[in-house]
Amino acid sequence: MNNSDQKKLIELENKQEKGMGGDGSNLELIFKQFLDWYKDSNLSNNEKTLWVKNRLNQIKKARQQEEQIPLLVVHILPKNAFETNTTNINLEDYTVILLPMLDGHTGDSRRINYHGILYSETYSNSYTQLYRNGIVESVCDNVSENKRLYVHQIEIGIIRMVGDYLNAMQNVPDTSFDLHITILNVEGFYFSLPRMLTKNNVIDQKDLYLPCITIKMSSETNIEDAIKPAIDVLWNAGGFPKSLPINAFY
C-alpha cells in the first residue's frame, strides 16, 4: 500500500469513528466509499504493475545478447496514466523540452514515434521514451565497468531524471506518480566506491526490483528523501545496511 492509499484509508477510518457516535446511518455510505476506493485503487495499481512487468520482459528479450551488461531501467507512471479520460501530452511541446538519459546526457537524437517521443544516443543503447499519456521509460547501459557497479551515479541519475520529469510535467493534472526502479543483470557485481574494497560483497541476485515509490507531483518534493527507501534496498543488495552519501567515503 503506497502513501496516498494509506492517507485515504486513514480518512475513511476517521469518518467511520465520527459515524459511530450517532445512530450509524453514515456507516453504509462510508463502507460503500471504501469499497469504491479499494476497487479503483487496486485496478489502477494492478494495471500499472502489469504494464511495467510486461515492458521489463520485452526489454530483457530485446537485450538477451547483452546479459553480462547491467541495465538501469526507470519507469515513471502518472497516477491516472491508464484512465480513459487521461489528458494526452502535447507532443509539440516536447520536441523542445529535453528529458535526459540516466547517465546525464541529453541525447543527440529525438523524434516523434508511435508511442510519443523517443530521446536516444548514437554512441550507446541508452534511451528515454516519453509516452503520450505521460509515462516515461528510461534505460541506461552505462552504469558499470569490469564487474563494478556505479551505485552513486545510479542514484544521481534517478534524482536528475525525476527532477526533470517534475519540471516537464507541470501542466499535467496528475497529483502523484509511481516510480519503478529495476537493475538487470547485476549478479556477481559489486559497488564501485572510493577508498573501499567491496569485492567480497557481490550482489547475489540477477535482477534487482526495488520497491515502488509514490511521489507527490510538486516542486516542493524532496526527491532524495522520497526515493531513499528504494535506494536503501539497492545498497542492501550490495552488502550495506543503508545508503551512504558519496562524501562519507572522503
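The values are calculated or read from the model by the stated rules, or taken from the named source; none is laboratory data. Predicted model only: the values in this text are computed from it and were never measured. Note that each Cβ is placed from the backbone with ideal geometry, even for glycine, and that neighbours are counted across all protein chains shown.
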Of everything in the range 207-239, what is part of a loop (DSSP other than H, G, I, E, B) and surrounded by 17 or more Cβ atoms within 10 Å (Cβ to Cβ)? Give them in sequence order.
L210, C212, M217, G238
Do you know which residues across the range 222-242 are over 14 Å from I158 (Cα atoms) and without any contact (Cβ under 8 Å) to a residue 60 or more places away in the chain?
V233, N236, A237, G239, F240, P241, K242
Name the residue that is modelled with the lowest pLDDT, counting only residues in the range 172-202 that are of a type outside the set (A, V, I, L, M, F, W, C) and buried (at least 22 other Cβ atoms within 10 Å of the Cβ).
D178
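Conditions tested, residue by residue: (1) modelled with pLDDT under 85; (2) closer than 29 Å to G188 by Cβ.
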site: L50; (1), (2): no, no
site: R63; (1), (2): yes, yes
site: E66; (1), (2): yes, yes
site: L77; (1), (2): no, no
site: N90; (1), (2): yes, no
site: L98; (1), (2): yes, no
Residue satisfying condition, being in a loop (DSSP other than H, G, I, E, B), under 22 Å from V52 (Cα atoms) and of a type outside the set (K, R), within set E155, E137, E187
E187
